[in-house]
Amino acid sequence: MALIPSQILRVAILLSYFSVLCNYKAIDMPAHQTYGGSWKFLTFINLVIQAVFFGVCVLTDLTSLLTKGTMCQEQERQRRKLIGLRDWLMAVLAFPVGVFVVTMFWILYLYDRDLIYPRLLDNFIPQWLNHGMHTTVLPFIIIEMRTTPHQYPSRLCGLLTVCSFAMGYVLWMCWVHHVTGVWVYPLLEHLGTISKVLFFSCLTVIISVYYVLGEILNSYIWDFTKKSKSS
């Protein structure tokens, strides 16, 4: 039996994301006042994705709790829709985008932080908030995967969705650069046109790998759990 019920964990994680988002939006940074605002940063987009995902998780839990033992056919159908939405969000957005943001941020940060997170930001963003945006995302999503099985879509459908998201964000960054003349991330200022194309292609491949990794990890965890219970 779990020490903390999964429903309580989801509520705590959701509140954590609300806190991070509110504190981040309250920061008076020059980048927030320019074209695109916070929405030009993948970190912020990921925080919104995670908050929406865990919000759907909590809503699913509440629906199951409030209708337990009295659920009619229509209520069951609506609950299954919520579960389907929860699983889809986990598979194609919450896990691959969350893992991508954490790993790519810390790899680039350790290599040369000024390429991704200039020291100037330390004057605006406290360390705890930085970790809330770029560190705790990973354990939170692993906790969710470990506590609840998720039904993944077909691999082709999932990969097409993930790649569409990645290409959509690349096009959004290019549009912001077209309007402002400034790249969202300092790293891109140092790359030529061909290098940018290769860089964006590599990132799309990486996030696709994370999608497949999530699918495999989800299957491994719950296949192992089923075998343990049956033995």
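The values are calculated or read from the model by the stated rules, or taken from the named source; none is laboratory data. This is a predicted model, so every value here is computed, not measured. No Cβ is skipped: glycine too gets one built from the backbone with ideal geometry, and neighbour counts run over all protein chains shown. What goes into the accessible areas is simple: the full protein's heavy atoms, side chains included, and nothing from ligands, DNA or RNA. Shrake-Rupley method; radii C 1.70, N 1.55, O 1.52, S 1.80 Å.
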Would you mind working out the magnitude of the charge dipole of the chain relative to its Cα centre, with +1 at each Lys and Arg C-beta and -1 at each Asp and Glu C-beta, to the nearest 20 Debye?
640
Restricting things to Cα coordinates, could you compute the convex hull volume per residue of segment 119-203 in Å³?
137
Accessible area expressed per residue, segment 1-112, with surrounding protein chains retained (probe 1.4 Å, Å²)
53
Measure of exposure for CYS72: accessible area at 1.4 Å probe, Å² rounded to 10, is 70
Per q in 0.20 1/Å, what log10 I(q)/I(0) does a Debye calculation on the alpha-carbon atoms of segment 51-104 return?
-0.70
What per residue convex hull volume, in Å³, do the alpha-carbon atoms of segment 67-151 yield?
124
Net charge of Cβ neighbours under 12 Å - reference CYS174; Lys, Arg +1; Asp, Glu -1
+2
Which whole-number percent gives the relative contact order of segment 35-95, counting Cα pairs below 8 Å spaced six or more residues apart?
46
Lys/Arg Cβ at +1, Asp/Glu Cβ at -1, dipole of the chain taken about the Cα centre: which of LEU203, LEU93, PHE44 is farthest positive-ward?
LEU93
Tilt, helix 6-26 to longest principal axis of the chain (alpha-carbon atoms), in degrees rounded to tens, equals 20
Sum of side-chain charges, VAL56 neighbourhood, beta-carbon under 14 Å (Lys, Arg +1; Asp, Glu -1)
+2
Around GLN33 (Cβ within 13 Å, Cβ-to-Cβ, excluding GLN33; K/R +1, D/E -1) the net charge comes to +1
Under the rule of -39500 (n - 2.57) per DSSP H run of 4 or more residues, summed and divided by the residues of the chain, what mean residue ellipticity at 222 nm is obtained, to the nearest 500 deg cm²/dmol?
-25000 deg cm²/dmol
Given (1) 192; (2) 117; (3) 156 as possible values of volume of the Cα convex hull per residue in Å³, the one from the coordinates is (3)
